[in-house]
Amino acid sequence: MLNFLALSYAGRTAITAVCVILLVVGILYLGLGFLFFHIALGSKRRKDETIPCKNSLFERNAENKTLQDGYKWYDENYKQKVTCKNRKGKTLHAMEFRNPSNSNVWVICLHGWTNVKREMSSYAMEYYRRGFNVLIPDLRGHGDSESKYVTMGWLDRLDVVDWINSLVEENPRVKILLHGVSMGSATTMMTTGEELPENVVLAVSDCGFCGVREIFVDQCIRKYHLPPKIVIPAASFVNKLMNGFFFGEASAVEQLKKSKTPTLFIHGDKDDFVLIENLDPVYEACAAPKEKHIVKDAEHAVSGLWFPEEYWKTIDAFLAKYLYEAPVSQD
């Protein structure tokens, strides 16, 4: 009897120890997931949007003429903050530039991860010079967005559809272009996989990634030197709790398979953040008319800053082909 009780006690102790170990491992696992989620998808709002993020491409290229011209244009040109409600009842925020040309063409410019509206100014300026209206939304977790967390384009795609519908409601004859850079590029690609009105006539996708899981696995390995097989599932689970989706659901590749929007894909061949290896999978997946252009010697998200003549010549040719309106002279 004593031996039996001793064995029972030992068994209970072992089970308790295993449970404690599993609990500790579970807490550490979730803690790791929350840490990665916070770093990658926590709020990217800034108190002063004129000060670039430390070590960002905007800080490194502070003296770039194209960037400085864009900032000057953004700061001095007439603009207006606008809002609309998304399908969940949240207020979406954007900056609007209405062109005195009375054009019925709108360009929705979509910024990258940790960026702000002002940092899309060089793109907005070029489209404005071509006679178009420009809308620059705050993506989730950035600027004035009411959402606390970044969603890397996946939920933003639905907000962009709501912006599109708002423009169409205002003017049923409107023609809409989407132009995104980096995370904004992923947002653009993901948006084109939705059911869009015929008003959306083309998209420009600059250095976008294949999907949220893919970009985080890559960053986990190359930037953080962490084991992705452990970190990414944990962070994806936390993201499901906080944002409502697993990383694997957020695929630009799968969205592009449903796209009907003519899309121009641009990527720098020296991109060390979103590697150029992302280009072919998204390009091949796109079911719509498409073209691609590789900018030689361009790093991440700087093709338009370092090689503006080549960049906009490529875009102008695409506009002429699919917008059916020749761009106006910049002179």
Computed magnitude of the charge dipole of the range 173-305 (debye, nearest 20; Cβ of K, R +1, Cβ of D, E -1): 280
About the Cα centre, charge dipole magnitude for the chain (Lys/Arg +1, Asp/Glu -1 at Cβ), debye: 1040
The range 67-152 - charge dipole about Cα centre, Lys and Arg +1 at Cβ, Asp and Glu -1, debye rounded to 20: 400
Helical mean residue ellipticity (222 nm; -39500 (n - 2.57) per DSSP H run of 4+; nearest 500) of the chain: -14000 deg cm²/dmol
The chain: relative contact order as a whole-number percent, Cα under 8 Å and 6+ apart: 16
Cα-Cα over 23 Å, subset of Lys292/Lys313; Lys88/Lys240; Lys85/Lys290: Lys85/Lys290
Farthest positive-ward along the chain dipole, Cα basis, beta-carbon charges - from Ser259, Gly42, Gln219: Gly42
Zone of Asp162's modelled label, taken as backbone nitrogen in the range 32-73 under 12 Å from a point 7 Å along Cα→Cβ: none
Simple spin-label estimate for Arg98 and Tyr283 in nanometres, 7 Å along Cα-Cβ: 4.0
FRET efficiency estimate (nearest 0.05) - Cβ-Cβ, Lys296 to Phe245, R0 35 angstrom: 0.45
Neighbour net charge for Pro289 - beta-carbon separation under 13 angstrom, K R +1, D E -1: +3
At R0 = 41 Å, FRET efficiency that the Cβ-Cβ distance of Glu146 and Glu76 yields, to 0.05: 0.90
Under 11 Å, Cβ to Cβ, from Asp162 - net charge with Lys/Arg +1 and Asp/Glu -1: +1
Diffusion constant of the chain at 4 °C, which comes from Stokes-Einstein with the Kirkwood Cα-pair radius and 1.567 mPa s, µm²/s: 62
GNM flexibility winner over the chain from Lys79, Lys270, Lys54 (Cα, springs under 10 Å): Lys54
Gained length - Glu59 relative to Glu310, 0.36 nm times residue gap less alpha-carbon distance: 88.1 nm
Counted charge near Ile136, where neighbours are those whose Cβ lies closer than 11 Å (Asp, Glu -1; Lys, Arg +1): +1
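Every read-out reported here was derived from the displayed coordinates using simple, explicitly stated rules and does not represent laboratory data. Predicted model only: the values in this text are computed from it and were never measured. Reconstructed Cβ throughout: ideal geometry from the backbone, glycine too, with neighbour counts over all protein chains shown.
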